[in-house]
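Contents: one structure, followed by commentary.
The values are calculated or read from the model by the stated rules, or taken from the named source; none is laboratory data. Not measured: the values here are computed from a predicted model. For neighbour counting, all protein chains shown are included, and Cβ atoms are generated from backbone atoms with ideal geometry for every residue, glycine included.
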Amino acid sequence: MVGSARDYLAKNDLQAASIQLKNALQENPSLAEARYLLGTVNLRQGNATAAEKEFRRALELGTPAEQVIPLLARALVKMGQFEQVIKEFGDATLQDPAANARLRVSVGDAYLERRDFPKARKAFEGALTLNDDDVPARIGLGRVKFITGDVDGAFGEAEAVLARGVVGEEAGDAHALRADVLLARKQADDALAARHEAVKFHPSSVAYHFALITLLLERGDMNGAAERLVAMEKIAPKHPLTHYLFALHDLRSGKAATARDHIAETVRLAPEYLPGRLLAGVIHASLNEHVVAREHLAMVVGRAPQNRNARRALARSELGSGNPDKAMETLKPLLSVKPPDSDTLQLAARIQLAQGKLDAASETYEKLVAVRPSDDLARTQLGVARLLEGDAAAGLSDLEAASTLEGSSGAADFALVMVHLRQGELDKAAAAQRRLEAKRPDDPRTYMLQGGIALAKRNVADARLSFEKALALRSDYLPAAVNLARMDLAEKKPKDALDRVEAIVAKHPDNVAASLLLANLQKATGANPDKVRETLERVSRATPTEATPKLALAAEALGQRDAKKAISLAQEVIAAHPDDPRAYEMMGRAQLLAGDLQQAITAFNKQVSLQPKLPAPLIRLADAQQLAKDSSAAEQSLRRALVLKPDLIEAQQRLAALLAGTKRSTEALGIARTVQKQRPKVPVGWNLEGDLHLLAKDYPSAIAAFRKSLGVRRVPETVIKLHGAQIQAGRPDDAEKSVADWLRQEPKDLRVRSYLAERAFAEHKLEEAERLYRKLDEIRPDAPQILNNMALIAGQRGDPRAMNLAERAVKLAPENPAILDTLGVLQIDNGQTEKGIENIRKAVSLAPTAPALRLSLAKAYVRLGRKEDATKEAEALLKALPQHSPLRAEVTALREKL
């Protein structure tokens, strides 16, 4: 069997040789030659650990040291046991010059890896003294020369090896050394060719595949890198570096979710590999998974505190999670380096802007411009900072200077167009856009700005042409698609809008943003909820690791009041993305709908822990706590939100209402007056004061506050509040005068008229309500909801026009459940029972979890004598309705009658 193994080795059939040798050793474990040959096979197959074991056993069994020790030393080098190589063989000498030369090469490699370059050089030169033809020794000497700065000497060693006509792994090693030298000489194209040659001659080398693919990615050759990754995966499918490069490629291709899966494998297989940890942090941060990102990045910074990339990435993640102070603390060591590098300065300025330190940000951008005086992006950022600081003249001057810099990227022109547009200087904006077009003719954003200028000039036709050009340059460029869709809708061409976005989705089924846009368009154009859900489910299947589509499906389920489905989807996202705060927000909202207040509070608390510097999660938590009648906890949450943002009106309004509800009116009014000081030119503070006086039934003070609010700024909401306060105060004439004065000055008003019409309808003042809705119909003809309300009123008054009004409303909004229900009820009233039942059923199918519609269907069945169907609907309602629902009593009464 040993002889057969030798034959297989001669044919390079390592697997067959291994089988024969293992069979031989099974029969006789003491066969020294079999041990030696099996060690050789293991070493050539890359299993250095097994090779070491067999070589040591072969030595014990008497195989000559001259034969075994060079290979044993090589196995130890492959295992990374450099100290062991030096300890065992650093001073060892073999009698055979060729074997001794090979041993010296392994010792040299060990010293090289320990960065003891003088001893490494001595070992390699010693090997060449023994055997001038030893290729690994010459490659090793070349590597020492390269690392110690003798680039030309290194190149000479590589060329000398290749001149001998070597092939196989030795040729691969020589080409790899040439590539390193060529890169150092900035001969990138030649270096790339050498990297290809290294892989060609040494295809099993993971290191050479890694070096080639890394260079391709650095050059932006994504297709070339993808092709080489396929080849690398064939030879090392489970290697951590293979997964690392897949992750890097996916991240740069905009596929962060799949990149996350690959880098997770790298971290699992090589948890101490710091580049893998760094890339993991960057990927998770790009997905807004900042908690996980910070864990990886903090480990790298802890192990390698001088690593600038890791420290900057950690600071960016901290900034992204809303903690600019912590970000600045992380970045500070890099700012103390003299002079700090430009990337650090750029990040520092962003952090200072987030901290609200505009002066400091401006100074940092000035330093950045000093470091990179010819960098248009740096000067652009300085200009933007000065604009934010309020120095418009200096800011515009910086932007103009950046625009004229040689080789300008166009960043300044983008900013100039936006500034001039915001200031209404359309000709200057157009001039800046033309300069931009000369620099960036193939950038879709160039034509987005052109279209924006055209719209500002009310030139819709030119705007459409610009947006279409942007979309032609990049078929999935959504900003252009959004603007074109809006224009289609404005021109009453909803099908064109849908067709446009559907074409993008068909071409790019994994483009989440495009599918979300399509779903929103479908809803806006009255599509059946099933169609919207189908769109979201399709993109969810196309991107199974993405959280956003599932969260959109959960939101759609909430809109249909399907709490169970929303909870299930939120749980899926939490299982896959346990640090995504959006998932816990969705879970909290779904639990609220389900009536499980404690679970909702738990979910919102988790969201708060993931976003500790954002006030919005605290607002949601406070709302849930208030529903659970835990006013003390709600107050604490609201006060925490106000610490984060002292002028947050949503928190101020809620806290004031909470205090007023707990008989702390003075504190509540104090908050209203704080709002008035913070916002002296908007009515919200006085409206809040008026609301608080109303709660206390202090009507004169409420009326006075609302009048003061109207003096600050006249808005319809305040007129409505004033009217309500005057009615409650028993002053109907004053209330009538208030709205009459408003409507006289605002003859096209819709908001106040809608309020008055709804109020009249609720009070069964049908004639007055009809008059108001007729006026609304004159101002906004063919509004489906107005027509629907007019149909309801006409139906209650026995007016034969009711059916016509409802049919018009359905024609305008054929998928609106409430409008279909109105038509169905009227049809039953008029003896069209089958049509009526069909329309009410359709309304329920469009909104299956809307209890009012299902109750309407149950009542219709009762009227038609279909008690069994009515009972079924009533029982379904009782199961679905929360205990506190006001509809529960009505459904219970209906069920008892049946």
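Before moving on, here are some points about what is shown:
- Flag for E834 being touching a helix residue (DSSP H, G or I) at 6+ places or on another chain (Cβ under 9 Å) and surrounded by fewer than 18 Cβ atoms within 10 Å (Cβ to Cβ): yes
- Test: residue in region 741-752 that is assigned to a helix (DSSP H, G or I), more than 28 Å from R561 (Cβ to Cβ), among the aromatic types (F, W, Y) and without any contact (Cβ under 8 Å) to a residue 60 or more places away in the chain: yes
- Residues of region 301-334 that turn out to be among the aliphatic types (A, V, I, L, M) and either surrounded by fewer than 16 Cβ atoms within 10 Å (Cβ to Cβ) or not in a helix (DSSP H, G or I) (or both), as a count: 1
- Helices (runs of 4 or more DSSP H) fully within region 99-208 counting 3 or more residues that are surrounded by 15 or more Cβ atoms within 10 Å (Cβ to Cβ) and within 48 Å of the chain's Cα centre (by Cα): 135-147, 151-163, 168-184, 188-201
- Residues in region 659-683 that are touching a Ser or Thr at 6+ places or on another chain (Cβ under 8 Å) and in a helix (DSSP H, G or I): L659, G661.
- Failed criterion for R714 (all others in (1) in a helix (DSSP H, G or I); (2) under 44 Å from the mean Cα position of the chain (by Cα) hold): (1)
- Neighbours by Cβ (under 9 Å, 6+ apart or cross-chain): first from region 13-41, farther than 23 Å from I69 by Cα and not assigned by TED's automatic domain parsing to the domain that holds L76; second surrounded by 14 or more Cβ atoms within 10 Å (Cβ to Cβ) and among the small types (G, A, S): none
- Some residue of region 590-606 being in contact with a His (Cβ under 9 Å, 6 or more places away or on another chain), surrounded by fewer than 23 Cβ atoms within 10 Å (Cβ to Cβ), among the aliphatic types (A, V, I, L, M) and at pLDDT below 90: no
- Any hit, region 720-727, residues being buried (at least 22 other Cβ atoms within 10 Å of the Cβ) and among the charged types (D, E, K, R): yes
- Selected residue (only one of D116, D150, D189, D173 is within 26 Å of L229 (Cβ to Cβ) and without any contact (Cβ under 8 Å) to a residue 12 or more places away in the chain): D189
- Of note, S568 satisfies the criterion of being surrounded by fewer than 21 Cβ atoms within 10 Å (Cβ to Cβ), under 29 Å from V608 (Cα atoms) and of a type in the set (S, T, N, Q).
- Unique residue being within 23 Å of V532 (Cβ to Cβ), without any contact (Cβ under 8 Å) to a residue 24 or more places away in the chain and of a type in the set (A, V, I, L, M) when the list is L878, L857: L857
- Check on S701, within 19 Å of A657 (Cα to Cα) and part of a helix (DSSP H, G or I): yes
Listed here are the residues, each with its yes/no results for (1) crowded, with 19+ Cβ neighbours inside 10 Å; (2) of a type in the set (S, T, N, Q); (3) at pLDDT 85 or above.
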| site | (1), (2), (3) |
| --- | --- |
| R780 | no, no, yes |
| A802 | yes, no, yes |
| A809 | yes, no, yes |
| G824 | yes, no, yes |
| R866 | no, no, yes |
| A880 | no, no, no |
| E890 | no, no, no |
